[in-house]
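The values are calculated or read from the model by the stated rules, or taken from the named source; none is laboratory data. As the structure is a prediction and not an experimental result, all values here were calculated from the model. Don't worry about glycine lacking a Cβ; one is built from the backbone with ideal geometry, like all the others, and counts go over all protein chains shown.
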Amino acid sequence: MSIDFSEFAASIHNRVAESFQYHFDWGRDKCVYEMLGNIPVECGPSKPLAKRLLLDGHFLNPGYYYRLQLLRAAVGSNQGDELGFVWRHNSAYCSRILSTLGVQRVTKFFPHRNANLRHEAHRIARKLRFADDLLETRFPNDVPATFLYDDILKRQRAATVDVSDPLVERYVWEFLSSIKAAEDLLDGYNPDLIAMSHVVSTQCAPLSWLGARRSIPVVTLFGNYGVPRFWRMNRPEDICFGMDRPENQDLDTLSTSQADALGEIGRSYLALRLNGLTNDLGGRMAFAGDADIGFRKKSGDDRPTIAVYASNWFDFPHALGMSRFRDFLDWTEATLQVALNTPSVRWLFRAHPCDKWYGGITLKDIMPEQLPEHVMLVPDQCPGSLVMDMVDSVVTYHGTAAIEYASRGKPVLIPDRGWYHDCGFALYPDSREHYLSLLGSDWFNSVDVYSARRRAEIFAGWYFCIPEWQANLTLLDDSDRTQQKEYLMKYLEESGSCVRHEISLIREWMASHECGYHTFKMRQAKGYSLSNALS
């Protein structure tokens, strides 16, 4: 299949430029950051646990700055030495926020675009003929090329990297420059802890990779479902852990009572999620809409029906260690080819629910205009619950659909490693070839759906839900950053004891050396509650 992405180019760069802008009013916003600035003063330990903290201040989101304050309070870094850094976008405003939070030193982490690096970028760009060539490129300090690939994909808002784009050389130059800037920053400051907003993108990946390579712990201050979801890198390869979530061994070490309690709260949460009653962006969009699927089985047609849930093309496909496919387009094309050649199955391909929110290319642009009767593209605005009712099983790369379908007793097939591949509720092939072989077979008959359902419900309880002490004390989704400021102020006024307990647990987690904070927190909980359910 050959796709011409040039028609999207005109809107791509404007969209990306807009994504870096934020309409702010310091007179309106400063009060929330002044409140956040009190957290370390009120809750810090008697002695700093991190004497030299390098902290990311460039992610302009109130939820992130709240999480940053939790970490600063937990490690008492304001009693030691701190250095914040900002990127080129909204740098003055971000610097002002950091100053209000009490970070006394702030530096601009801008890439050094020197002539030597520009010549090297030109040399690399000239050698690129196909997207795969970029993934095979070697960068200084072994910083994986996958991060540059995903960054370019995000900028181009396409399904695969267009190496003929004249801006690719500039992107390579910026990546090389960011690696050099990260080296200089670490050499000049020598931190004992690094706090990051993300570990993907040109501005974050090289610094995170190099920090871990120097045995400096890197904590990613992620948040989701209304609560902190910090996770830690201790080694460079940990960068592909990707998110705070329980692993297979975590599920296996639960007591029977813990597993039962997590399974019960997981079932309750998933019931709300499947009815569109959670406030996270993905949940809202996946189960919203009222369009009909346009598909009904004909009388006497007993063929199984499989849903294929596409991923968002450019939402950092390699963040979790993708290795069997070049990108999501490669996976979609390979999966579609098997579907076209397997008329013994009905196939429903569904676009990622956030495609329109992100902008750029969609599944409809990728699919052939004419499809055989056994392959169908699910219409936009068709709720996920309706698709789930119509099909017998699902194929997804990294989607929450794996948890949702397995919890309904429907088999799940995934093509590659991700954030739940080893947790026992999805069929995980040995290789790309094994995946494609399974896809064209009756793989769904080999799945123990009862065991998978229980594992999925326990996983859902652990991953999505929260400790009982945190009930009704969750924030909004990071995507709601305008409303988040008002919500956060109210939260800080009413939830002082909860905030102090959170800080205490973060301090314990930092001492434990476990990877995921929420996973650690839930393991210690005495009871569980729903997280981001709509009231």
For segment 143-166, name all the residues that are without any contact (Cβ under 8 Å) to a residue 24 or more places away in the chain and within 24 Å of Gly211 (Cβ to Cβ). Ala145, Ile152
Which of the numbered conditions does Leu439 fail, given that it passes all the others? Conditions: (1) surrounded by fewer than 21 Cβ atoms within 10 Å (Cβ to Cβ); (2) over 24 Å from the mean Cα position of the chain (by Cα). (1)
Of the numbered conditions (1) without any contact (Cβ under 8 Å) to a residue 60 or more places away in the chain; (2) more than 26 Å from Arg157 (Cβ to Cβ); (3) buried (at least 20 other Cβ atoms within 10 Å of the Cβ), Lys298 satisfies every one except a single condition; which is it? (3)
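Conditions tested, residue by residue: (1) farther than 19 Å from Thr256 by Cβ; (2) outside the structural domain of Leu413 (by TED's automatic domain parsing).
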| site | (1), (2) |
| --- | --- |
| His434 | yes, no |
| Asn445 | yes, no |
| Val449 | yes, no |
| Glu457 | no, no |
| Trp469 | yes, yes |
| Thr474 | yes, yes |
| Asp480 | yes, yes |
| Gln484 | yes, yes |
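Looking for whichever is of a type in the set (D, E, K, R), in a loop (DSSP other than H, G, I, E, B) and within 29 Å of Gly37 (Cβ to Cβ) here; the options are Asp430, Asp422, Asp478. Which one fits?
Result of the check over Asp430, Asp422, Asp478: Asp478.
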Give the residue that is nearest to the chain's Cα centre (by Cα), with candidates limited to residues of segment 92-122 that are polar (S, T, N, Q) and crowded, with 18+ Cβ neighbours inside 10 Å. Ser95
Looking at Arg454, Arg500, can you tell me which residue is over 22 Å from Thr253 (Cβ atoms), touching a helix residue (DSSP H, G or I) at 6+ places or on another chain (Cβ under 8 Å) and in contact (Cβ under 8 Å) with a residue 12 or more places away in the chain? Arg500
Only one of Gly359, Gly418, Gly409 is within 23 Å of Asp315 (Cβ to Cβ) and either aliphatic (A, V, I, L, M) or surrounded by fewer than 20 Cβ atoms within 10 Å (Cβ to Cβ) (or both); which? Gly359
Does segment 350-378 hold any residues that are in a helix (DSSP H, G or I) and farther than 30 Å from Glu237 by Cα, and which are they? Lys356, Trp357, Leu363, Lys364, Asp365, Ile366
For residues in segment 126-181 being closer than 15 Å to Ser201 by Cβ and of a type in the set (Ser, Thr, Tyr), which is farthest from the chain's Cα centre (by Cα)? Ser177
Evaluate the following for Trp347: is it in contact with a helix residue (DSSP H, G or I) (Cβ under 8 Å, 6 or more places away or on another chain), assigned by TED's automatic domain parsing to the domain that holds Arg296 and assigned to a strand (DSSP E or B)? yes
